[in-house]
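Report on one structure; see the data block that follows.
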Amino acid sequence: MLIRRSTDADLDRIDVVHRAAFGEPGSSAEPIEVALVRALRADDGWVPQLSLVAIGAEGDVVGHVVCTEGHVQGGRAVGLGPIGVLPALQGSGVGAALMHAVLGAADAMDYALVALLGHLDYYPRFGFVPAESLGVTAPDPSWGAHFQARTLHAWTPEVTGTFRYAAPFDDLG
Ligand SMILES: CC(C)(COP(=O)(O)OP(=O)(O)OC[C@H]1O[C@@H](n2cnc3c(N)ncnc32)[C@H](O)[C@@H]1OP(=O)(O)O)[C@@H](O)C(=O)NCCC(=O)NCCS
């Protein structure tokens, strides 16, 4: 498997990945993540270095992850998501490869913190802890411990307060 930055030529295939990863089985409803990635790409918070695709054996995009610039006091931070892998390939390490690659890239860019809303079974293996334990609070307090953060080399204890995602996340309702 290859992990690389996404290009404009990958856009349609990235839609396919998120449509399959987040779609409800048996439903034709478009999952919000498809439009979210497109909106993020047009937003000031887009960081091209942090939009990565996984390439499968046939040369197709089989997974995608993106981090976009968010806001928190005391340091530069990004929000991670969406991350999606084609259902047929889930559980084979594609998601982990994308996570390690995007965290390394964010660290190399001197971001201090990566925040996400996600499962407590999955993200702690990548160093995520409940953000509250670092003094960083979720945009929505009801998210509780599912709002997690991973500190990077540039992190200091001054990174605190409420995390704000890039604007397109606010339009999710
Ligand atoms: C979440 C996702 C990106 C992980 O990618 P992946 O390639 O399946 O993950 P990996 O193969 O690296 O890791 C598999 C491990 O993650 C766990 N895992 C995968 N998805 C999970 C989920 N939604 N909740 C909890 N654990 C999950 C598996 O149980 C497995 O655990 P194990 O290693 O202890 O057996 C992928 O499953 C996916 O696209 N899911 C649908 C979309 C989604 O929910 N995105 C994340 C939103 S928070």
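Among the residues of segment 65-96, which ones are polar (S, T, N, Q) and within 8 Å of the ligand (Cβ to nearest atom)?
First, the residues of segment 65-96 that are polar (S, T, N, Q): 68, 73, 90, 92.
Gln90, Ser92, listed by residue number.
Quick one: in segment 1-44, of everything that is exposed (fewer than 15 other Cβ atoms within 10 Å of the Cβ), of a type in the set (Asp, Glu) and not in a loop (DSSP other than H, G, I, E, B), which residue is modelled with the highest pLDDT?
Taking the candidates together, the pick is Asp12.
Out of everything in segment 111-121 that is more than 18 Å from Glu158 (Cα to Cα) and touching a residue at least 24 places away in the same chain (Cβ under 8 Å), what residue ends up being surrounded by the most Cβ atoms within 10 Å (Cβ to Cβ)? It would help to see each step written out before you state the result.
Of all residues in segment 111-121, those more than 18 Å from Glu158 (Cα to Cα) come to 116-121.
Filter once more, so that each one left must be touching a residue at least 24 places away in the same chain (Cβ under 8 Å): 116-120.
Numbers: Leu116: 24, Leu117: 19, Gly118: 17, His119: 10, Leu120: 13.
Taking the candidates together, the pick is Leu116.
What number of residues within segment 149-159 satisfy the criterion of being surrounded by 16 or more Cβ atoms within 10 Å (Cβ to Cβ) and not aliphatic (A, V, I, L, M)?
3
Restricting to segment 9-22, and then to whatever is free of Cβ contacts under 8 Å to residues at least 24 places away in the same chain and out of contact with any helix residue (DSSP H, G or I) (no Cβ under 9 Å at 6 or more places or on another chain), can you tell me which residue is farthest from Gly59 (Cα to Cα)?
Ranking the qualifying residues of segment 9-22, first place goes to Asp12.
For the condition within 18 Å of Phe22 (Cα to Cα) and hydroxyl-bearing (Ser, Thr, Tyr), what is the one hit in Tyr123, Tyr111? Show your work before the answer.
On the way: Tyr111 fails: within 18 Å of Phe22 (Cα to Cα).
Going through Tyr123, Tyr111 in turn, the sole match is Tyr123.
Of the residues that sit in segment 124-148 and are in contact with a Pro (Cβ under 8 Å, 6 or more places away or on another chain) and not in a helix (DSSP H, G or I), which one is surrounded by the fewest Cβ atoms within 10 Å (Cβ to Cβ)?
Gly135
Does Val78 satisfy the condition of being touching a Phe, Trp or Tyr at 6+ places or on another chain (Cβ under 6 Å), at pLDDT 95 or above and either farther than 15 Å from Asp10 by Cβ or hydroxyl-bearing (Ser, Thr, Tyr) (or both)?
Values: touching a Phe, Trp or Tyr at 6+ places or on another chain (Cβ under 6 Å): yes; at pLDDT 95 or above: yes; either farther than 15 Å from Asp10 by Cβ or hydroxyl-bearing (Ser, Thr, Tyr) (or both): yes.
Taking the combined requirement at face value, the residue satisfies it.
Could you check segment 23-37 and list, in sequence order, the residues that are without any contact (Cβ under 8 Å) to a residue 24 or more places away in the chain and closer than 22 Å to Tyr165 by Cβ? Step through it out loud before you land on a result.
Step one: of segment 23-37, the residues without any contact (Cβ under 8 Å) to a residue 24 or more places away in the chain are 23-31, 34-35.
Those that are without any contact (Cβ under 8 Å) to a residue 24 or more places away in the chain and closer than 22 Å to Tyr165 by Cβ: Glu30, Pro31, Val34, Ala35.
Could we say that Pro157 is closer than 17 Å to Val72 by Cα, at pLDDT 95 or above, in a loop (DSSP other than H, G, I, E, B) and not β-branched (Val, Ile, Thr) here? Lay out the reasoning, then the answer.
Numbers: closer than 17 Å to Val72 by Cα: yes; at pLDDT 95 or above: yes; in a loop (DSSP other than H, G, I, E, B): yes; not β-branched (Val, Ile, Thr): yes.
Taking the combined requirement at face value, the residue satisfies it.
Here is a list of conditions, (1) more than 14 Å from the ligand (Cβ to nearest atom); (2) crowded, with 19+ Cβ neighbours inside 10 Å, and Asp107 meets all of them except one; can you say which number that is?
(2)
The values are calculated or read from the model by the stated rules, or taken from the named source; none is laboratory data. Keep in mind that what you see is a predicted model, and the values were worked out from it rather than measured. Cβ coordinates were reconstructed from backbone atoms using ideal geometry, including for glycine residues, and neighbour counts include every protein chain displayed.
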